[in-house]
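Just so it is clear, none of the values below were taken in a lab; they were calculated from the coordinates. Because the structure is predicted, anything quoted here is derived from the model rather than measured. Cβ sites come from the backbone with ideal geometry, for glycine too, and all protein chains shown count toward neighbours.
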């Protein structure tokens, strides 16, 4: 199947030993982690070939260092 995922500008905290992994599939998937703070965990997925420039659109990223200070005040529903 050769499925790939591009994970960018992310930060993991208090996660299991493997923050990025695949399971329960007969096919191997691939992941590219770009500016990702794994928080001491690991990426056990084989590296893919996707790059931000290979996508047909642009993605503006915050940067992994800015995630913890930005997302808690801006994500989800405000009640």
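Observations on the model:
- For segment 49-61, the criterion of being closer than 13 Å to residue 11 by Cβ and in contact with a strand residue (DSSP E or B) (Cβ under 8 Å, 6 or more places away or on another chain) is satisfied by at least one residue.
- Scanning segment 28-66 for residues that are in contact with a helix residue (DSSP H, G or I) (Cβ under 8 Å, 6 or more places away or on another chain) and either closer than 22 Å to residue 18 by Cα or part of a helix (DSSP H, G or I) (or both) gives 34, 35, 36, 37.
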